[in-house]
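The values are calculated or read from the model by the stated rules, or taken from the named source; none is laboratory data. Because the structure is predicted, anything quoted here is derived from the model rather than measured. Because the Cβ atoms are built from the backbone with ideal geometry, glycine has one as well, and the counts that use them run over all protein chains shown.
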Amino acid sequence: MVFFFHLLILGIAIGAIYSMIAIGFVLVYKSTRVLNFTQGTLVMLGAFIIYALLEQLSLPLFLALPLSLVVALGLGFLIERLVLRPMIGEPLLSVVMVTIGLASVLKGGAIMIWTTEYFSLPKILPATFLHLGPVTISPPYLWGFIVSMLLIIALTLFFKLTNLGIAMRAVANDQPAALSMGISVKWVFGLSWALAGLVATVGGFFLGAINIININLDHAALPLFAVVILGGMDSMPGAIIAGVVIALLQNFAGGYLSPILGGGIKAVAPFLVLLIVLMIKPYGLFGTVEVERL
Amino acid sequence: MIRRPCGNFKKNYIQDEGIFPTRLLKIVTVLFILLLFALPLLPWLISDYLLYVAITVLITVIGALGMNIITGYAGQISVAHGAFIGIGAYTCGILANRLGISLWLTIPAAGVTTAVVGVLFGSPSLRLKGLYLLMATLAAQFFLVDYVFMEWESMTKGAAMMELERPSVFGFALTNDRHFYYLPLIIAIAATFFTMNLFRTKVGRAFIAMRDRDLAAELIGIDLFRHKLIAFAISSFYAGVCGALYAYFWTLINPQAFGLFLSIQYLAIIICGGMGSVRGSILGAVFIVALPQIVKNFVIVVTPLIPAAIPIGNIFAGLETLLFGLVIVLFLIIEPEGLNKMWYNFRASINLWPFSY
């Protein structure tokens, strides 16, 4: 039973991080209709940026963290302006492929700077070990959960209350109408990518703190595809719920099924769910059903 | 395929549907094929290293044609091509190792098995299209490679890798690359001609109609689901044959070789080469296979010229990944129709010289 609670609690913590990163994915898809294959690479880059600022440039904490967020926002803007802007109106496969190509460029650049070695982030999180009954939660999981939740709430408030957030929702809802109301769609596109970069960086920090930082940290974000399909590609609440569901499923599959079905089941389980969800409810739990007319 | 030099009139449909629009093209093609057959006989021109690259290109051409059929012609985005190639490689390896079957049967069997698997994993296309189909094939890719290939160790040997011997034809073992070369060459030529002919048939035209507008295609009486499955079957058959040749060529089957990166590589081939074009598949295969080799040789040549004080090793380590991505991005932004279109533009500018615009 202890094992069960262990898997449950760690699953929820990881799930919160997945949910947060998946929101970046959903944001980009909602406003620009781009399937963002770069998100995993942005997660990896985010972890490396924080590592570089803290460890390699040895900046103090209060300077390094805001700076890393600024870098992440800037990177998101830059990606949209340089790569995705020329692709507006191109066929689906081209747009998907451009994000895959971009992921490769960023990864190549990261190898040039940080090599393929393993690094560990400096321990900047307060060393609070939370004891929930028999289960002990280590700081990266605990703070990952708390920060992800805070960021999700902050983003929700941003979309509900601020003018910019409402403008972003308007663009997602109806682009021509938003344009005619004087909303700068280009600016919203850029902002979506910037926010995707931001959540990826924060998520990358925690995933990097839980695992270890390496050039292949982008694989840690692969279950995200299952998350966004399960939740529906254009649904924020869907992403939040599906993030936790997929992380729990992955943990339980790893904990209970891998002795029977082999260790690979943990990595594959989210994709099996993805396949089943696609067959039964192609637009996910909360996604908008697309109706096509000739 | 529609662009032809002016003054080249067709008087009947048979001429109009011909594979070669002009006689010159026919002659050039025959000469080119003869040259390809002569290549291994010219050791002073083709070193062992170049021959290795040439064989890789030929095998890749077969897989690229399959990729172009499903994605370029039929419009169904698939990122499971790498895993399908793996199915072909493992089928070939298991049949050759366990049952001692010769290549006359292993290669077709690899193709057929992969076609069945392809139809199985392509069947979600009944309900899904576009991004959602891409996701379903992504799931298939991970399931096959990370689970079936890696974990089913009694069959595939998993990460320990399966070994295989080079095949023999009529009792003559193709251990030398100069002899092995002819196997992928003949199959690649056959695959190319089959593909060119496929798009002169009813089924092939139905693929193109399906790609251009699926609902409209359904309205004019094309059974979408049937044609999607046929497209998956043909494409996967190519992938299986390609995989069997990889297995025979490498003589070592590593499950990691068939990961997502291989699928992306094949997508990159048809994007750089040109979607929906046979010539594009070939040009793209040459380009994407040559790119890392050029980078590798460039690094070997340049490294001694740079003073040891400058830490250049890291930069070169990432160069290949970076260039691969950069090539995809630049092609998509600058020339989305790929090398095929560049070839047309080049030929047109020569034809119209000095009045090209």
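Things worth noting here:
- Hey, A:ILE14 within 14 Å of chain B (Cβ to nearest Cβ), aliphatic (A, V, I, L, M) and crowded, with 16+ Cβ neighbours inside 10 Å or not: no
- Selection count where residues are among the small types (Gly, Ala, Ser) and either buried (at least 19 other Cβ atoms within 10 Å of the Cβ) or not in a loop (DSSP other than H, G, I, E, B) (or both), scope segment A:127-158: 3
- Matching residues, segment A:77-98, being more than 9 Å from every other protein chain (Cβ to nearest Cβ) and crowded, with 16+ Cβ neighbours inside 10 Å: A:PHE77, A:ILE79, A:GLU80, A:LEU84
- Residues satisfying the stated conditions in segment B:38-55, i.e. assigned to a loop (DSSP other than H, G, I, E, B) and among the aliphatic types (A, V, I, L, M): B:LEU42, B:LEU45, B:ILE46
- Pairs with Cβ under 8 Å, 6+ apart, first in segment A:267-294 and facing chain B (nearest Cβ under 7 Å), second exposed (fewer than 12 other Cβ atoms within 10 Å of the Cβ) and not aromatic (Phe, Trp, Tyr): A:GLU292/B:LEU215; A:LEU294/B:LEU215; A:LEU294/B:LEU219
- Index of the failed condition, A:PRO270 passing every other in (1) farther than 17 Å from A:GLY238 by Cα; (2) within 20 Å of the chain's Cα centre (by Cα); (3) modelled with pLDDT of 85 or more: (1)
- Residues of segment B:111-133 that are over 19 Å from B:GLY86 (Cβ atoms), in a helix (DSSP H, G or I) and either at pLDDT 90 or above or aliphatic (A, V, I, L, M) (or both): B:LEU126, B:LEU131, B:LEU133.
- Yes/no for B:GLY243 being outside any helix (DSSP H, G or I), in contact (Cβ under 8 Å) with a residue 40 or more places away in the chain and not charged (D, E, K, R): no
- For segment B:183-213, filtered to residues that are farther than 19 Å from B:MET275 by Cα and under 14 Å from the mean Cα position of the chain (by Cα), the residue that is surrounded by the fewest Cβ atoms within 10 Å (Cβ to Cβ) is B:ALA190.
- Test: residue in segment B:277-292 that is small (Gly, Ala, Ser) and within 10 Å of chain A (Cβ to nearest Cβ): no
- Of all residues in segment A:24-33 being crowded, with 24+ Cβ neighbours inside 10 Å and not hydroxyl-bearing (Ser, Thr, Tyr), the one that is farthest from A:ILE241 (Cα to Cα): A:VAL28
- When residues of segment B:148-166 are limited to those that are outside any helix (DSSP H, G or I) and of a type outside the set (A, V, I, L, M, F, W, C), the one farthest from B:TYR248 (Cα to Cα): B:LYS157
- Among residues of segment A:74-95 that are in contact (Cβ under 8 Å) with a residue 60 or more places away in the chain, those with a beta-carbon under 6 Å from a residue that is part of a helix (DSSP H, G or I) and not aliphatic (A, V, I, L, M) at least six positions away or on a different chain give the pairs A:LEU75/A:GLY197; A:GLY76/A:TRP193; A:GLY76/A:GLY197; A:PHE77/A:GLY190; A:ILE79/A:TRP193; A:GLU80/A:PHE189; A:GLU80/A:GLY190; A:GLU80/A:TRP193.
- If the condition is being part of a loop (DSSP other than H, G, I, E, B) and modelled with pLDDT of 90 or more, then segment A:38-60 contributes only A:THR38.
- Criterion violated by A:ILE124 - all others in (1) crowded, with 20+ Cβ neighbours inside 10 Å; (2) part of a loop (DSSP other than H, G, I, E, B) satisfied: (1)
- Selection status of B:ILE222, among the β-branched types (Val, Ile, Thr) and either part of a loop (DSSP other than H, G, I, E, B) or without any contact (Cβ under 8 Å) to a residue 24 or more places away in the chain (or both): yes
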